[in-house]
1. Could you pull out the residue among A:45, A:40, A:1 that is open to solvent by 10 Å² or more (accessible area, probe 1.4 Å), closer than 24 Å to residue B:4 by Cβ and either part of a helix (DSSP H, G or I) or out of contact with any Lys or Arg (no Cβ under 6 Å at 6 or more places or on another chain) (or both)?
2. Give the residue, chosen from A:237, A:233, A:260, that is open to solvent by 20 Å² or more (accessible area, probe 1.4 Å) and more than 17 Å from residue A:278 (Cβ to Cβ).
3. Tell me whether the stretch A:110-128 contains one or more residues that are farther than 23 Å from residue A:49 by Cβ, within 14 Å of chain B (Cβ to nearest Cβ) and of a type outside the set (A, V, I, L, M).
4. So residue B:94 ticks every box in (1) within 16 Å of residue B:147 (Cβ to Cβ); (2) open to solvent by 60 Å² or more (accessible area, probe 1.4 Å); (3) more than 13 Å from chain A (Cβ to nearest Cβ) but one. Which box is left unticked?
5. For the stretch B:1-33, give me the residue count where each residue is under 17 Å from residue A:49 (Cβ atoms) and either touching a helix residue (DSSP H, G or I) at 6+ places or on another chain (Cβ under 7 Å) or open to solvent by less than 20 Å² (accessible area, probe 1.4 Å) (or both).
6. Of everything in the stretch A:188-219, what is open to solvent by 30 Å² or more (accessible area, probe 1.4 Å) and among the β-branched types (Val, Ile, Thr)? Give them in sequence order.
7. Among B:23, B:33, which is the only one that is more than 11 Å from every other protein chain (Cβ to nearest Cβ), among the charged types (D, E, K, R) and touching a strand residue (DSSP E or B) at 6+ places or on another chain (Cβ under 7 Å)?
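The values are calculated or read from the model by the stated rules, or taken from the named source; none is laboratory data. The model shown is predicted, which means the values in this text are computed figures rather than measured ones. Backbone-built Cβ (ideal geometry, glycine too); neighbour counts: all protein chains shown. Quick note on the areas: whole protein, heavy atoms, side chains included, nothing else; ligands and nucleic acids left out. Shrake-Rupley method; radii C 1.70, N 1.55, O 1.52, S 1.80 Å.
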Amino acid sequence: MIPSAFEYHRPGDLASALGILSAYGDEARVIAGGHSLIPMMKLRMASVGHLVDLQSVAELRGITVAEREVTIGAMVTQAELISHDGLAKAVPILREAALQIADPQVRYVGTVGGNVANGDPGNDMPGLMQCLDARFTLVGPGGPREVPARAFYHGLYATERAEDEILTRIAIPVHAGGHAYEKQKRKIGDYATAAAAVLLTKSGGKVASASVAMTNLSDVPVWSEAAAAALVGRDCGAEAVADAVAAMLADIDPQADNRGPIAFKKHVAGVILGRAIARAWSRA
Amino acid sequence: MGKKMQISLTVNGEVHYILAEPRELLIHTLRERLGLTGPHIGCETSHCGACTVDMNGRSVKACTVFVAQADGAEITTIEGLGSPDGLHVLQRTFREHHGLQCGYCTPGMITRAHRLLIENPNPTEEEVRFGMAGNLCRCTGYQNIVKAILAAASEMNAKEAAE
């Protein structure tokens with residue numbers, strides 16, 4: 001399994017990387033950890049004329065943790081994210097989700113930026129970022145712009161990022177309350193059959209605010225405002241959870257594939273969301 | 001044919017300069033150019049872990065790394081961990097605990113376990129299983145692999161305590 005030939009570039013800074021993208025247009029493609037792109041290239045389902053390796057672009061590295069917001073460089077690996085204690089304390093759902101991605105070898109090289117930018121509905125971080133109301137910084141020839149995660153995903157592998165832009169940084173507000181990321185997968189290394197990200201705050205024994213997002217149940221991640229609304233003002237008992245699940249099921253659009261038929265996926269989505277709500281509530 | 005590029009790799013402490021197309025996969029470079037056939041090609045789709053090598057202090061699947069990405073890297077393969085006359089402690093405990101049957105997955109298993117024990121010298125059984133989840137074995141059922149890694153950890157810790 002050898003991909004078709006390409007020319008390799010390893011720019012040392014962001015400006016050079018952007019310059020290469022501008023010079024070669026749609027023949028050029030950036031590579032981060034490569035664990036989505038390289039398999040596609042080996043299968044010759046993706047063909048790249050100029051491969052732009054971002055490993056030496058220092059601007060894309062680093063994690064910052066402030067009182068109200070954390071930022072993560074696009075080239076931060078899942079393993080670096082997992083091992084950062086300050087980040088895990090500020091936004092614990094990140095570590096909880098990242099530990100459920102792929103396997104140790106893949107987490108050493110797979111990056112947060114690649115996970116969110118690829119536009120693969122199977123990836124865990126897009127739904128998580130929508131749940132967290134994260135913002136992505138995109139830098140192109142005209143300078144930087146910021147796009148909310150909730151407005152970034154347009155379809156299968158289709159995102160708000162233009163071909164001459166690089167996703168450089170992710171900013172995530174620090175949330176109070178409880179959290180949970182629940183994922184059902186057939187085996188280690190598989191994408192989710194269904195996964196749910198839930199954030200909840202509690203006041204007087206009731207849900208004060210909620211955010212719910214689902215993974216791999218549509219061609220884009222699904223941030224379900226209706227599911228969250230079904231929980232607010234209630235106690236997260238069986239009835240409230242059933243209403244939230246019903247609302248979520250109206251928002252997802254799973255397709256039948258080797259992970260199961262549509263009815264099974266909806267069933268799993270409901271079970272997983274129920275578990276995520278229960279765990280987030282227990283931590284709120 | 002793509003344009004070839006000059007690439008340097010430090011493998012098991014030895015520097016190699018090669019001229020290769022960037023699309024060459026690291027596993028092929030190691031096996032076919034450098035004759036290091038310890039890392040195996042299993043699934044070739046980054047699932048099975050038979051091709052696991054240590055690159056810049058991280059366990060990676062060499063079937064999913066272009067040699068161009070590895071330019072300048074420091075790599076350790078199973079050949080760099082031990083030799084037939086001087087087995088690495090993990091190689092010895094795999095033998096003692098029957099941590100292999102056909103042996104195909106073993107170089108990847110041991111190379112991964114080596115990094116795991118550097119990062120977590122005293123793992124629980126659960127941590128070993130979680131940390132080895134990127135390596136598949138179709139013979140052993142994993143039980144004896146886990147035993148071998150735990151035995152190596154306790155041996156290495158005992159040795160360190162004695163020193």
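1. A:40
2. Values: A:237 fails: more than 17 Å from residue A:278 (Cβ to Cβ); A:260 fails: open to solvent by 20 Å² or more (accessible area, probe 1.4 Å).
It is A:233.
3. Here is the first cut: in the stretch A:110-128, the residues farther than 23 Å from residue A:49 by Cβ are A:110, A:112, A:115-116, A:121-128.
Add one more test, that the residue is within 14 Å of chain B (Cβ to nearest Cβ), and what stays is A:110.
Going one step further and asking which of them are of a type outside the set (A, V, I, L, M), we end up with A:110.
Yes: the stretch A:110-128 contains one or more residues that are farther than 23 Å from residue A:49 by Cβ, within 14 Å of chain B (Cβ to nearest Cβ) and of a type outside the set (A, V, I, L, M).
4. It fails just one condition, (2).
5. 2
6. Hits for the stretch A:188-219 are A:188, A:201.
7. Values: B:23 fails: more than 11 Å from every other protein chain (Cβ to nearest Cβ).
Result: B:33 is the single residue among B:23, B:33 that is more than 11 Å from every other protein chain (Cβ to nearest Cβ), among the charged types (D, E, K, R) and touching a strand residue (DSSP E or B) at 6+ places or on another chain (Cβ under 7 Å).
Residues checked against (1) in a strand (DSSP E or B); (2) within 14 Å of chain A (Cβ to nearest Cβ):
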site: B:50; (1), (2): no, yes
site: B:60; (1), (2): yes, yes
site: B:70; (1), (2): no, yes
site: B:80; (1), (2): no, no
